[in-house]
Amino acid sequence: MKSVLISIQPYWLFLIIAKTMGWDIDKEKTIEVRKNYPKDENWDRKAKIYCSKNKQSFAKIPKEYQPLMEKFLGKVIGKFVCDTIITDRTFGHDPIFNALSCMSDAEIASYCTENEMYGWHISDLKIYDTPKELGEFYTDSCINFRTGECVSPTNKCVYLIHNSQGDIQPCITKLKRPPQSWCYIESEVSE
């Protein structure tokens, strides 16, 4: 099974985690708007959350919460289950969707210029006691199963495993950069 790592700007992340953290704010973001979504049937519907270091977004967080949010910048801070992907094309025109995504009509229109957008429903949100480093997570396999050799562009794989039958198991690589939007990660290694 595969999980995903989703990169979220600090202000939007603040709106997602505030209630779970016990912070007193009047909004809760339960829909993350994206231009696409995972279509791999092996996706386990879990998403790890990376907090980007976007300074403009961070500046939108109320001042009293900024010191609390600083520890999340550039870290994987938790996870959620994406139990539903909303594919309705009325985004930006539905007041309920806008409220759940905490986005205005203008913000949605600005973000999704191609009229393709999807709502990732956030459920079962868990925040890690200690934020994790990006390098604790691994990308998909990079092994050529015909030759058994690593085909990673950097040839810096973490390991190759030979199982009891002598077969080569997938080679995986540590994440070095956050995804622009989201990427698949190996779920069994990253927990």
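Any read-out appearing in this document is the output of simple, stated calculations on the displayed coordinates, not a laboratory observation. Note that the structure is a prediction, hence the values are computed from the model and not measured. Note that each Cβ is placed from the backbone with ideal geometry, even for glycine, and that neighbours are counted across all protein chains shown.
Taking the average, over residues, of other Cβ atoms within 10 Å as the packing measure, peptides 34-43, 14-23 rank 14-23, 34-43 from highest down.
Scoring 77-85, 65-73, 127-135 by mean Cβ neighbours within 10 Å over their residues and listing the highest first yields 77-85, 65-73, 127-135. With a simple spin-label model that places each label point 7 Å from the Cα along the Cα-to-Cβ direction, the separation between D40 and M21 comes to 3.0 nm. Put in line by how crowded their Cβ is, counting other Cβ atoms within 10 Å and starting with the fewest, S101, S57 read S57, S101.
Semi-axis lengths, largest first, of the ellipsoid equivalent to region 2-133 are 23, 19, 13 Å, with √(5λ) applied to each eigenvalue of the Cα gyration tensor. Distance between the modelled labels on T84 and E107, one decimal in nanometres: 2.0 nm (7 Å Cα→Cβ projection).
Extending 7 Å from Cα along the Cβ direction at Q180 and again at K60 yields two label points whose distance is 2.0 nm.
Among the listed pairs K63/K176; K60/K174; K27/K63; K2/K60; K60/K176; K27/K60, which are separated by more than 25 Å between their Cα atoms? From the list (K63/K176; K60/K174; K27/K63; K2/K60; K60/K176; K27/K60), the Cα-Cα distance tops 25 Å for K63/K176; K60/K174; K2/K60; K60/K176.
Placing +1 on the Cβ of every Lys and Arg and -1 on the Cβ of every Asp and Glu, with no other charges, gives region 2-133 a dipole of roughly 520 debye about its Cα centre.
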